[in-house]
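Participant: Below is the structure I would like to discuss, written out as structure tokens.
Every read-out reported here was derived from the displayed coordinates using simple, explicitly stated rules and does not represent laboratory data. The structure presented is a predicted model; accordingly, all values stated were derived computationally and were not measured. Because the Cβ atoms are built from the backbone with ideal geometry, glycine has one as well, and the counts that use them run over all protein chains shown.
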Amino acid sequence: MREGFSPSKYLRPGLRFPFCPGCGLYVLSDTFLRAVYELGYDDFRKFCFVSGIGCSSWIPSPYYLADSVHTLHGRSIPVATSIKLLRPGLHVVVFGGDGDIVGIGMGHFIHAARRNTDILVIMGNNMIYGMTGGQVAPTTPLKTRTTTTPYGSFEHPLDAARLAAVAGANYSARWTTAHPKELKECFKKALQMDGFRFIEVVAQCPTAYGRRAGFKDIGEMLKWFRENAVPVTEAEKMGEEELEGKIVVGEFVQRRRLTLVESVYAVLKEAAQKYA
Amino acid sequence: MGCEKGTRAFLQGSEACVEAALIAGCRFFAGYPISPANEISEHMAARLPKVGGVFLQMEDELASIGAVVGASWCGVKAMTATSGPGFSLMQETIGWAFMTETPCVIVDVQRVGPGTGQATKCAQGDVMQARWGTHGDYMAVSLCPNSVQEIFELTIRAFNLAEKYRTPVIILADETTMHLREHLLIPPSESIEIVNRKKPKAGEQAFFGLESVAPMPSIGEGFNVAVTGSTHDERGVRFTADPTVHRRVVEAINNKIRKNIDDIVEVESYNIEDCRVGIVAYGITSRAIYEAVDEAEKRGVKVGYVRLKTLWPFPEKPVQRLAENAEKIIVPEMNLGQIVNEVKRVAGCTAEVVPLNKIGGGELITPEEILDKILEG
């Protein structure tokens, strides 16, 4: 009989996550570990984790009992790219925040989607630069007060999940920490696919975001996620103004496009036959 | 082509660099187009798949060096090539490679700077960037070839030093040397020394910041290795505020180079025990010193030189010995004075140190210009 789910067997002994009480990243990590368990993996031998800089990037490094590469701010995806190509048998999973993946790391994100690089990118989107104290991010909703937008944010936020779909990803989805069941199914589906897979997890940051944005507690933030979540299918029928401030959730793309691993290994096979 | 002592070839510097890298065991290359380093990428793109290696053209230099570091952690020898502007973009990740003790080779084919400067013209302006380009305390290793033959030899050496000391190694080449076409002798493979990194034994858990160079596991081998550029203990666990852990790891990455300077430093020297005038030169500029020395000797002036094949760590000992005998030391450089300050630092008290500088348009320093300096005063 297989043992029941226990997060501790996937975690490095003697360490504890450094996240603030009520942080959405606890739910994100726990949901991911459950998905891994339900897919039948009892350890991370078949995984390699790559992350950048920021709170979300600390999920796997060094807390997961696995090979993990903690890179620089924004640079996880190129590092994950070569690892996947040279270790094609591993699940290469990138964890990063919104600032890391679609702020400073935006170029790599789009190009990995374009190449359909066989990695799963999980972006914890807390809509803020949390680790550095709460500065405005490319994902911060309009008019939100942050430490660097004391009069309210005056820039439009980015729709990362839609961007990944347009740029060429095999799979792109968005859920929030108020939707752990849907999120878990997404993780499971994405882990069984090839090519570039992107899952955006809108996650509450009570410390750096909620406080200044006027939320009284975590419950209020989760309520905000639930009440403003609009399924992709419904969002398609809505106008731009109607969608202002909404969180579109669900799957933005799911397809089977030629992947980078397939292409690179086809080149290697051809060269080997030609020059053997 | 073949002869008993190896294979003779007539190659461009870039081709020699690629062939040497493949012989050294390089099986991954990632780069971004930039003059005058494109030929290296182009040859790699053609050659690597034939030997089962992976070539990637990335979206920028940050991605290129990132992919190189990732490849190295898969146990694959990896390299990138660029020029000054791209080298600047790579600096943060090069620092990450120092901190994570990642063997890799970075070729910088120097061109005229700063800024875009003159993209296709030769210069030697990246000497200090190769030493101090990234932030924090580290000891850079940088090799500086002056011929196609030496590009070949130093490329293999760069991989060997990278593997031996688990550190990035920079080949600080220049546009002219990399574009030269010269005869090259490729020695028989059994006579070429190839160094591979030390691997951990099953159950080992200490992979960073050890007294001697730590063993390096690869991803996928079951070691659960935690790689981080943040301050870390020997297991790779982050300590972002502890002064003791920081001192330990940073001193270790510095000491492994500092304590092995004699192994890393290589120079070509001539007449350093018996000369009135000395020359310290490197790279393409050092090609002009031979004729200048001959001409000076014909005029009765004894000249000795130290040609730096290793630029960093700076070859202090041979330069000091030169200074003990020479009254003045000429330092020709295609910049406004970079290595000359190192020469002054180690020799300034015992000899007069005279810079000879030329920048712009890729114009090389000529033997006549060096001869004039020798005969001056």
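Participant: Residues being more than 14 Å from chain A (Cβ to nearest Cβ) and in contact (Cβ under 8 Å) with a residue 40 or more places away in the chain: count how many of those fall in the stretch B:200-225.
Facilitator: 6
Participant: Quick one: what pairs do we get from the stretch A:52-71, first residue more than 9 Å from every other protein chain (Cβ to nearest Cβ) and of a type in the set (A, V, I, L, M, F, W, C), second surrounded by fewer than 24 Cβ atoms within 10 Å (Cβ to Cβ) and not in a strand (DSSP E or B), C-beta under 6 Å, 6+ apart or different chains?
Facilitator: From residues that are more than 9 Å from every other protein chain (Cβ to nearest Cβ) and of a type in the set (A, V, I, L, M, F, W, C), the pairs are A:55/A:131.
Participant: Taking the options B:240, B:228, name whichever one is among the hydroxyl-bearing types (Ser, Thr, Tyr), buried (at least 16 other Cβ atoms within 10 Å of the Cβ) and within 14 Å of chain A (Cβ to nearest Cβ).
Facilitator: After ruling out the rest, the residue left standing is B:228.
Participant: Residue A:211 - would you say it is among the charged types (D, E, K, R), outside any loop (DSSP other than H, G, I, E, B) and over 30 Å from residue A:89 (Cβ atoms)?
Facilitator: Criteria met by residue A:211.
Table: residues versus (1) of a type in the set (Ser, Thr, Tyr); (2) farther than 25 Å from residue A:228 by Cβ.
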position	(1), (2)
A:104	no, yes
A:111	no, yes
A:120	no, yes
A:125	no, no
A:145	no, no
A:152	no, no
A:168	no, yes
A:171	yes, no
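Participant: Got a sec? Which of B:342, B:324, B:363, B:369 is of a type in the set (D, E, K, R) and part of a loop (DSSP other than H, G, I, E, B)?
Facilitator: Going through B:342, B:324, B:363, B:369 in turn, the sole match is B:363.
Participant: Ok, one more. So residue A:15 passes all but one of these: (1) free of Cβ contacts under 8 Å to residues at least 60 places away in the same chain; (2) surrounded by fewer than 18 Cβ atoms within 10 Å (Cβ to Cβ); (3) closer than 22 Å to residue A:183 by Cα. Which condition number does it fail?
Facilitator: Only one criterion is unmet by residue A:15, namely (3).
Participant: Would you kindly identify the strands (runs of 3 or more DSSP E) lying entirely within the stretch B:1-103 that contain at least 2 residues that are surrounded by fewer than 24 Cβ atoms within 10 Å (Cβ to Cβ) and either within 14 Å of another protein chain (Cβ to nearest Cβ) or within 18 Å of the chain's Cα centre (by Cα) (or both)?
Facilitator: The qualifying strands (runs of 3 or more DSSP E) are B:54-57.
Participant: Residue under question is residue B:134, and the condition is that it be within 12 Å of another protein chain (Cβ to nearest Cβ) and under 13 Å from the mean Cα position of the chain (by Cα); does it hold?
Facilitator: Taking the combined requirement at face value, the residue does not satisfy it.
Participant: Quick one: how many residues across the stretch B:317-347 are surrounded by fewer than 17 Cβ atoms within 10 Å (Cβ to Cβ), closer than 30 Å to residue B:254 by Cα and in contact (Cβ under 8 Å) with a residue 40 or more places away in the chain?
Facilitator: Counting residues in the stretch B:317-347 that are surrounded by fewer than 17 Cβ atoms within 10 Å (Cβ to Cβ), closer than 30 Å to residue B:254 by Cα and in contact (Cβ under 8 Å) with a residue 40 or more places away in the chain gives 1.
Participant: How many residues does the stretch A:98-129 hold that are away from every other protein chain (no Cβ under 11 Å), small (Gly, Ala, Ser) and farther than 20 Å from residue A:47 by Cβ?
Facilitator: Total satisfying the criteria: 3.
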